[in-house]
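Chemist: There's a structure below that I have some questions on.
Values in this text are rule-based calculations from the coordinates and carry no lab data. Since the model is a prediction, treat every value here as computed from it, not as a measurement. Glycine gets a Cβ as well: all are built from the backbone with ideal geometry, and neighbour counts include every protein chain shown.
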Amino acid sequence: MLLVVFLITQFIGQRTVVSGSSMEDTLTDGDNLIVDKISYRIHNPERFDVVVFPYQYEDDTYYIKRIIGLPGEHVYIDGAGNIYVNGELLQENYGTETILNAGLASSEILLGADEYFVLGDNRNNSTDSRFEAVGNIKGDDIVGKAWLRVYPFGDFGLVDNIE
């Protein structure tokens with residue numbers, strides 16, 4: 001039985017708990033999620049996927065954010081808080097507030113061959129790719145895609161990963 005649990009948590013999925021408000025209103029503090037660790041072995045992450053990745057400056061700390069920019073794309077956030085990908089205004093429904101601090105994205109960012117630009121849905125209360133502490137995320141660092149909210153039970157269901 002322990003071997004089965006080990007294999008599942010190492011290769012198929014793992015449980016994680018949301019800490020903080022950076023993904024509100026999609027996910028809230030204390031939500032318990034199952035992270036799908038196998039999908040990205042079959043295909044690459046897609047725009048608007050909610051992904052989990054390790055925070056590089058603290059052991060056993062993982063961040064959960066939404067993919068906005070894909071490898072090879074240009075990402076820019078203007079002074080009015082609009083997000084542009086490859087020069088086109090991003091059409092999305094997740095970050096509903098105006099971005100007050102574009103951070104690194106106030107200058108156009110070119111993503112490398114295996115880099116992703118991520119933002120929290122609660123844009124003004126999120127440490128994400130706009131800031132050096134997170135920066136662009138390497139594909140190899142992505143643990144998996146947030147897939148299922150299992151707690152609180154009243155909010156049980158799939159995580160909104162597509163636009």
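Chemist: Within the chain, what is the longest stretch that has no chymotrypsin sites (Phe, Trp or Tyr not before Pro) placed in a DSSP loop and near at most 16 other beta-carbon atoms within 10 Å?
Modeler: No qualifying site falls inside 58-130, the longest such stretch.
Chemist: May I ask you to sort T61, T26 by Cβ crowding, counting other Cβ atoms within 10 Å and putting the fewest first?
Modeler: T61, T26
Chemist: Determine, for V150, V85, the number of other Cβ atoms within 10 Å of each Cβ, and report the residues in order from fewest to most.
Modeler: Fewest-to-most ranking of V150, V85: V150, V85.
Chemist: Step by step: find N for the stretch 10-163, compute 2.2 N^0.38 Å, then divide the Cα radius of gyration by it. What's the final number? The partial results should precede the final answer.
Modeler: Values: Rg = 14.6 Å, N = 154, 2.2 N^0.38 = 14.9 Å.
The reported ratio for this selection is 0.98.
Chemist: Also, I was wondering about something else. Along Cα→Cβ, 7 Å out, is where each label goes; now give me the distance between the ones at A113 and F153 in nm to one decimal.
Modeler: Spacing of the two 7 Å Cα→Cβ label points: 5.0 nm.
Chemist: Run the paramagnetic zone check for Y57: 7 angstrom along Cα to Cβ, then residues of the stretch 91-135 with backbone nitrogen under 15 Å.
Modeler: Answer for this model: 104, 126-135.
Chemist: Oh, and also: Given Cα pairs under 8 Å that are at least 6 residues apart, what percent is the relative contact order of the chain?
Modeler: 27 percent
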